[in-house]
Amino acid sequence: ASLREEFEKELHKQIAEEFFSYALYENRCVFGASTLEGKHTLLHVMTTPWRSFGMFLGRLPGDAESLPHLRQATVTLAIVSVAKTLESSQLFQENRRYSEHLEELVAERTKDLEVSRAAAVRASEAKSRFLAMVSHEHRTPLNGILGMAQLLHDTSLTGEQRKYIDLIMSSSEL
């Protein structure tokens, strides 16, 4: 059998015997009997405080209990380092995807703002044209009225008529 098949067989045995689930809750080396005679299985969860990445499965020759505590700590340190590296890589990828998404949102918002700005400029220009036209439409007849009032002012008028013409003339001096 290939090495992969042997490890799959070993993994299925550890799962069936609930040794795998026990190892999931331990953040240390956990040893168990192997399917191969004279070997032991080493399980170690690959996790950080925020994420779990899987389970390390290894085989050790001979008696697992003879593996010194310092070597077990070294295995734990290596596996935790791998888990943290995996986490950093995933966080980097998530951050890159988020940055790309933000760039898309900024581009979309910029486009929306450009469209809104162009509409506002068009509205402002239309308002200016309207006000110029309305102003012209009011000024032309008013100038005619004021011209006629000036002509009337220079003629002989009664006191009451002069009072009204003076009122018209003073109203135009705002």
Given (1) crowded, with 17+ Cβ neighbours inside 10 Å; (2) part of a helix (DSSP H, G or I); (3) at pLDDT below 80, L70 misses just (1)
Pairing a residue in region 81-92 that is under 21 Å from N27 (Cα atoms) and without any contact (Cβ under 8 Å) to a residue 60 or more places away in the chain with any residue that is small (G, A, S) and surrounded by 12 or more Cβ atoms within 10 Å (Cβ to Cβ), where Cβ atoms lie under 7 Å and the two sit 6 or more apart in sequence or on different chains, gives none
Given (1) touching a strand residue (DSSP E or B) at 6+ places or on another chain (Cβ under 8 Å); (2) open to solvent by 80 Å² or more (accessible area, probe 1.4 Å), L86 misses just (2)
Cross-chain or 6+ apart pairs with Cβ under 6 Å, region 10-32 first and assigned to a helix (DSSP H, G or I), then open to solvent by 40 Å² or more (accessible area, probe 1.4 Å)
E10/T35; K13/T35; Q14/F20
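Residue-by-condition table, conditions (1) surrounded by 10 or more Cβ atoms within 10 Å (Cβ to Cβ); (2) in contact with a helix residue (DSSP H, G or I) (Cβ under 9 Å, 6 or more places away or on another chain); (3) modelled with pLDDT under 90:
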{"site": "Y98", "(1), (2), (3)": "yes, no, no"}
{"site": "E103", "(1), (2), (3)": "yes, no, no"}
{"site": "V106", "(1), (2), (3)": "yes, no, no"}
{"site": "K111", "(1), (2), (3)": "yes, no, no"}
{"site": "E160", "(1), (2), (3)": "no, no, no"}
{"site": "L174", "(1), (2), (3)": "no, no, yes"}
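The values are calculated or read from the model by the stated rules, or taken from the named source; none is laboratory data. From a predicted model like this one, the values you see are computed outputs, not experimental measurements. All Cβ positions, glycine included, derive from the backbone under ideal geometry; neighbour counts span all protein chains shown. Areas reflect the complete protein model, heavy atoms only, side chains present, ligands, DNA and RNA absent. Shrake-Rupley method; radii C 1.70, N 1.55, O 1.52, S 1.80 Å.
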